[in-house]
C-alpha cells in the first residue's frame, strides 16, 4: 500500500509525496519540508523569496534569495542521497544569526 501526502508550503508551491509505508512517507516529507518550507526572509521578513542555483567554476550552489533586501540562505549538499539542507550552523556547530540568512558585505579588510 502506498501512502500519499500533499505539502503546500506557500500558495506558489505544492508537493505530492509518496511512501511505501509511514516511515518512508515521513522521511520523504521531511526532506521536502527542510528545503522548501522557507517562506520568508530571515533578515527583513519579506515573502518575496526566489530559489537560485549558481554555477561557479563547475560547482553548483543552491540558495534562497530575498528579492527585496538581497539576503541569502545557503544550502549544503548531503554526501549521499542527492538532497540539500539549509546551512543554519557555522563550521564549529554554532547557530548562525537570523536562522542562517545573511547579506554579503564583501571581503573584510586585512583578510
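No lab work stands behind these numbers, since they all come straight from the coordinates. Note that the structure is a prediction, hence the values are computed from the model and not measured. Backbone-built Cβ (ideal geometry, glycine too); neighbour counts: all protein chains shown.
Overview of values
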{"quantity": "Over the chain: Kirkwood hydrodynamic radius from C-alpha pairwise inverse distances, Å", "calculated": "15.8 Å"}
{"quantity": "Residue-span extension gain [residue 35 to residue 1] - 0.36 nm each, minus C-alpha spacing", "calculated": "9.5 nm"}
{"quantity": "Peptide ranges 64-75, 96-107 listed from the most packed, as the mean C-beta count within 10 angstrom indicates", "calculated": "64-75, 96-107"}
{"quantity": "Degrees between helix 22-36 axis and first principal axis of the chain (Cα, 0 to 90, nearest 10)", "calculated": "30 degrees"}
